[in-house]
Amino acid sequence: TPLYSSAASDVYKRQGFYGRRAELEQLRAIVNRRRWFFAKLSGRRRIGKTTLIQQALQGASRPVLYMQVPDSGPAGVLSAVRDAFETFGIDTQQVPAPTSLSSLASTIGDLARLGYVVVLDEFQYFHRKLLSEFTSHLQREVDVLASDAGSVPGGLFVLGSIHTELTALLEDRNAPLYNRTTDVIEVGHLDIASVLEILRTHSDASPERLLMLWNLFEGVPKFYRDCYEQGVLSAPSDELLRRMFFQSSAPLRNEAENWFLHELRGRYDVVLKYIARRPGCGSGDLDSYVRTVSPETAEQTSGYVKVLTDRYELVERKLPIFARKKERKGRYYVRDNFLRSWLAALAPAVGAINFQPTDTLVAQSLARLEEAEGHGFERLVATLYQERSRKGLPGFSLTHQIDGFWDSQGTELDLVAVDENLKRIRFASCKRSSAKLLSSLSVTEGHIQRFLSQLPHPGYTLEKVAIAPQVSLELAEQIRGKQWLVEDLVTLTAGL
């Protein structure tokens, strides 16, 4: 039985399944053991955890029970189980539908003994107080199954999208299920090679298209599939935005509210929106802004940031390259491209649909997205450097995570790359518009000298590179004449 409707499965057949080869091999190996397993898959919402399991089970001839755990009490969970029994054709004469959280744990064990692969999605909701007893019942059942693992042909996948709560259930030393998982898989974004494969097959992989779509959708396969279903993966940018966000039936119109922000229940809106619209802001900037617009919550700003960073992992705190973790030079960024683009560029316009012409709102959104692409381009370049280095492709081999550098004297370097093996350090100036590259070089030279006065690298070869989405041959010659290297998205994606 497919985990998705036949219509959704047909779309996957037409569009294709991209990337995830290592994860798919690992999942297939788990399923093909035909012995008890208890595997955890974690990753942001919509990243493709369920689809990945669906792909792994294709051709495996294994009976499946898939259920999405609702954010409710025991009655809601048991109702969802009964619905799943009906959907997947479970014979209740052979395996009775559970009537309590305790019997739900026993039911999972009974199904595993019959060779079923049980999939519990949004498992983190069992961290809620009303449902927390279930983990103790499941521990009892898991321990029995593990003691006779060789004669149990089925297993359990638990999927979660709130990392901290899932970790608390499975990895906290005081948790009933601590040290019970047999396998752990973190499902991240598609790599850029996979995104390029999608674009080359169904759209175009021009630098402008790659930047626009990656800045908006990053490596979330569901969003590219939605565009494919709507027939706009290769459409002009304004038409793509109109169909995906502004029409009454637009598939992504409520995506951020339903799948990201509903967990927050409006408590962190001011902080999250500010960080999205001013990527790289410091704690002082944030405190000052919150005191201006929402004085009653100003004292809680640091607490809000901590929750958004540690619990929900929607925000990340970055430090200058080589900085110690305890240094107070942190800058804040929204981790997810889609959420950042939504809050910075799309949400205000989508919220005004009933009051302004759609064409006007789409144009406003495009202009704001282009502004947001400045930070998105730096992220894309850093990701490309890391992906090329990881795959051993020609270019700069990294021994340290590529990152920026800044200090209290106004030093600003977009990206610094280090290769300790070959004693090379490379400084990058990244510009969304290639027209700004030449004028930025002399300024960046001064920033490089200030960096080296603080963090000298004797014996290292120093390299400087100017990067834009696309650089003409004439401009590239001018830049090289100033003893700078030149890269763009054409060169950085070569070989991917």
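Odds and ends about this structure:
- Cβ crowding within 10 Å averaged over residues, with 308-314, 134-140 ranked highest first: 134-140, 308-314
- Fully extended contour minus Cα-Cα distance, from ALA80 to ALA60, at 0.36 nm per residue: 4.6 nm
- Solvent-accessible area assigned to carbon and sulfur over the chain amounts to 47 percent, based on a 1.4 Å probe.
- Packing here is the average count of other Cβ atoms within 10 Å per residue, and on that basis the peptides 481-487, 34-40, highest first, run 34-40, 481-487.
- The chain, accessible area per residue, ligands and nucleic acids excluded (1.4 Å, Å²): 44
- At the residue level, THR461 shows approximately 70 square angstrom of accessible surface with a 1.4 angstrom probe and all protein chains present.
- Cα pair distances exceeding 21 angstrom across segment 255-353, given as percent: 32
- FRET efficiency for the SER288 to THR399 pair, using the beta carbon distance and R₀ = 35 Å, is estimated at 0.40.
- Inter-probe distance in nm under a simple model that places probes 7 Å from Cα toward Cβ, at ASP172 and GLU239: 5.1
- DSSP bridge pairs, the chain: antiparallel proportion in percent, nearest 5: 30
- Cα-based equivalent ellipsoid, the chain: semi-axes from gyration tensor eigenvalues, Å: 43, 25, 25
- Of the GluC sites (Glu not before Pro) in segment 87-175, the ones in a loop by DSSP (not H, G, I, E or B) with at most 15 other beta carbons within 10 Å are GLU171.
- Close lysine pairs were tallied over segment 331-482: pairs 8 or more places apart or on different chains with Cα atoms under 18 Å apart number 6.
- With a simple spin-label model that places each label point 7 Å from the Cα along the Cα-to-Cβ direction, the separation between ARG335 and SER151 comes to 4.3 nm.
- With both labels modelled 7 Å from their Cα along Cα-to-Cβ, the GLU477 to ASN179 distance reads 6.9 nm.
- Computed over the alpha carbons of segment 164-285, Rg followed by Dmax gives 18.6, 53 Å.
- Computed FRET value (nearest 0.05) for LEU366 with GLN93, which takes r as the C-beta separation and R₀ as 56 Å: 0.45
- Charge dipole (Cα centre; +1 on Lys/Arg Cβ, -1 on Asp/Glu Cβ; no other charges) of the chain amounts to roughly 720 debye.
- Cα gyration tensor shape for segment 271-320, rounded if a/c is under 1.5, else prolate or oblate: oblate
- For segment 296-454, the alpha carbon convex hull comes to 183 Å³ per residue, rounded to a whole number.
- VAL443-ASP143 FRET efficiency (beta carbon distance; Förster radius 51 Å; 0.05 resolution): 0.20
- In loop segments of segment 421-461 as defined by DSSP, there are no chymotrypsin sites (Phe, Trp or Tyr not before Pro) with at most 10 further C-beta atoms inside 10 Å of their C-beta.
- Working from the Cα coordinates of segment 132-205, the gyration tensor eigenvalues give, after taking √(5λ), semi-axes of 36, 17, 9 Å in decreasing order.
- Highest-first packing order for the peptide set 102-110, 79-87, 292-300 is 102-110, 79-87, 292-300, based on the mean count of other beta carbon atoms within 10 Å.
- Rounded, prolate or oblate (a/c below 1.5 giving rounded, otherwise prolate when a/b exceeds b/c) for segment 123-163 by Cα gyration tensor: oblate
The values are calculated or read from the model by the stated rules, or taken from the named source; none is laboratory data. Quick caveat: nothing in here was measured; it's all calculated off a predicted structure. Using ideal geometry, Cβ is built from the backbone for each residue, glycine included, and neighbour counts are taken over all protein chains shown. Only protein heavy atoms, including side chains, enter the accessible area calculation; ligands, DNA and RNA are left aside. Shrake-Rupley method; radii C 1.70, N 1.55, O 1.52, S 1.80 Å.
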